[in-house]
């Protein structure tokens, strides 16, 4: 996880020297954190909804065994609390490793010429500046895909997975739209963008590795 990446300019074009694990390891943690967060959150929420709206009517008759219902309800609450706590940690890991991936994706292409946008540290750091980060997300995510394309062109490599700047741009735009747009950005476009940028970085590492 603490590997460094050294890039250099060779006679045949740009090359980058790092192992695929530089991207793959944090991506795997990010991916399983996302799956765990969504799955545990669903289980926790479903447990409460089931007891409140599905199981409760079965105990509405005069001869209902309310002690049994309350015991089951307390069990459901306990399960939900555990699931929500674990989901919360999954969300934290998802966010943290998303930033790690952003930094490392920029490191892979940092020696491409005419990037003129940001450094890996700036790409992540500026996202923590209130209000300014609304603008900076375009530099961090959209320009990353454009930078990957520039690196591919300058290095002269052929990759199967192409960068998708339009996808990254759509992600940033939806991020600025409250509620529905942010929902689409967080749950749909965000993971799609992350997968594409990860695959492109892996292609660059395999094809342009020195």
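The values are calculated or read from the model by the stated rules, or taken from the named source; none is laboratory data. Quantities reported herein were computed from a predicted structural model and do not represent experimental measurements. Because the Cβ atoms are built from the backbone with ideal geometry, glycine has one as well, and the counts that use them run over all protein chains shown.
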Check your understanding: Out of (1) out of contact with any helix residue (DSSP H, G or I) (no Cβ under 6 Å at 6 or more places or on another chain); (2) surrounded by fewer than 20 Cβ atoms within 10 Å (Cβ to Cβ); (3) at pLDDT 95 or above, what's the single condition that is false for residue 174?
Key -> (1)
Check your understanding: Restricting to the range 145-170, what's the tally of residues that are out of contact with any helix residue (DSSP H, G or I) (no Cβ under 6 Å at 6 or more places or on another chain) and within 24 Å of residue 184 (Cα to Cα)?
Key -> 2
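Residue-wise test of (1) within 30 Å of residue 157 (Cβ to Cβ); (2) at pLDDT below 90; (3) assigned to a helix (DSSP H, G or I); (4) touching a helix residue (DSSP H, G or I) at 6+ places or on another chain (Cβ under 8 Å).
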site	(1), (2), (3), (4)
40	no, no, yes, yes
44	no, no, yes, yes
47	no, yes, yes, yes
55	no, yes, yes, yes
104	yes, no, yes, yes
Review point. Does the range 150-165 contain any residue that is modelled with pLDDT of 95 or more and in a helix (DSSP H, G or I)?
Key: yes
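Given 140, 168, which one is without any contact (Cβ under 8 Å) to a residue 40 or more places away in the chain, over 13 Å from the mean Cα position of the chain (by Cα), surrounded by 22 or more Cβ atoms within 10 Å (Cβ to Cβ) and part of a helix (DSSP H, G or I)? Spell out how you get there, then give the answer.
Working: 168 fails: over 13 Å from the mean Cα position of the chain (by Cα).
The match here is 140.
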Exercise for review: Read through the list (1) in a helix (DSSP H, G or I); (2) more than 30 Å from residue 46 (Cβ to Cβ); (3) modelled with pLDDT of 95 or more, then give the number of the only condition that residue 146 fails.
Suggested key: (3)
